[in-house]
1. Name the one entry in 24, 45, 39 that is surrounded by fewer than 17 Cβ atoms within 10 Å (Cβ to Cβ), over 11 Å from the mean Cα position of the chain (by Cα) and modelled with pLDDT under 95.
2. Given the conditions (1) part of a helix (DSSP H, G or I); (2) under 17 Å from residue 117 (Cα atoms); (3) touching a residue at least 24 places away in the same chain (Cβ under 8 Å), report the number of the one that residue 58 does not fulfil.
3. Just the residues that are out of contact with any helix residue (DSSP H, G or I) (no Cβ under 7 Å at 6 or more places or on another chain) and either farther than 26 Å from residue 119 by Cα or buried (at least 17 other Cβ atoms within 10 Å of the Cβ) (or both), please, taken from segment 77-94.
4. When segment 110-140 is examined, which residues are found to be without any contact (Cβ under 8 Å) to a residue 40 or more places away in the chain and under 27 Å from residue 27 (Cβ atoms)?
5. Out of the residues in segment 99-148 that are in contact with a helix residue (DSSP H, G or I) (Cβ under 6 Å, 6 or more places away or on another chain) and outside any loop (DSSP other than H, G, I, E, B), which is surrounded by the fewest Cβ atoms within 10 Å (Cβ to Cβ)?
6. Answer yes if at least one residue in segment 12-28 is touching a residue at least 60 places away in the same chain (Cβ under 8 Å) and over 24 Å from residue 86 (Cα atoms), and no otherwise.
7. Tell me which of these residue 88 doesn't satisfy, since it passes every other one: (1) more than 14 Å from the chain's Cα centre (by Cα); (2) touching a residue at least 24 places away in the same chain (Cβ under 8 Å); (3) closer than 15 Å to residue 123 by Cα.
8. Taking segment 61-85, which residues are over 19 Å from residue 28 (Cβ atoms) and in contact (Cβ under 8 Å) with a residue 24 or more places away in the chain?
């Protein structure tokens with residue numbers, strides 16, 4: 001694991017997520033923070049993301065991220081791990097598909113790669129990536145089974 005200021009900020013951000021601390025999360029965001037989800041959708045602004053995290057915790061009240069590996073490259077922090085959480089009753093209704101089913105569990109959580117861009121000790125960008133071999137190669141993350 002890295003030990004730079006950027007890595008420390010990224011890990012503190014994960015700690016605030018794991019605590020379900022929306023105000024703590026927002027305190028670590030730049031004013032023009034950008035969140036990018038696995039589908040590539042982008043959301044901007046500290047206050048918009050404060051509400052976004054509030055909504056996400058309403059869906060998954062015990063959402064957490066467990067980090068297995070951390071790397072840093074030119075100011076970008078890469079975190080490899082997995083997310084987990086229990087879908088709330090509200091979440092089951094909110095995410096119910098027209099056919100009455102819910103998204104498969106692996107669409108909602110599981111292995112992931114997060115990238116963080118840190119500016120002035122705040123998170124300027126947080127991106128969630130599917131843990132795919134090509135993503136690992138692009139980001140310079142060890143292949144599955146090579147992480148120590």
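The values are calculated or read from the model by the stated rules, or taken from the named source; none is laboratory data. A quick note: this is a predicted structure, and the numbers were derived from the prediction, not measured. Positions of Cβ are backbone-derived with ideal geometry, glycine not excepted, and every protein chain shown enters the neighbour counts.
1. 39
2. For residue 58, the failing item is (2).
3. Within segment 77-94, 80, 81, 83, 84, 85, 86, 89, 92, 93 qualify.
4. If the condition is that a residue be without any contact (Cβ under 8 Å) to a residue 40 or more places away in the chain and under 27 Å from residue 27 (Cβ atoms), then 113, 115 are the ones that fit.
5. Across segment 99-148, the extreme among qualifying residues is 129.
6. Yes: one or more hits.
7. (3)
8. Those that are over 19 Å from residue 28 (Cβ atoms) and in contact (Cβ under 8 Å) with a residue 24 or more places away in the chain: 61, 62, 68, 69, 71, 73, 80, 82, 84, 85.
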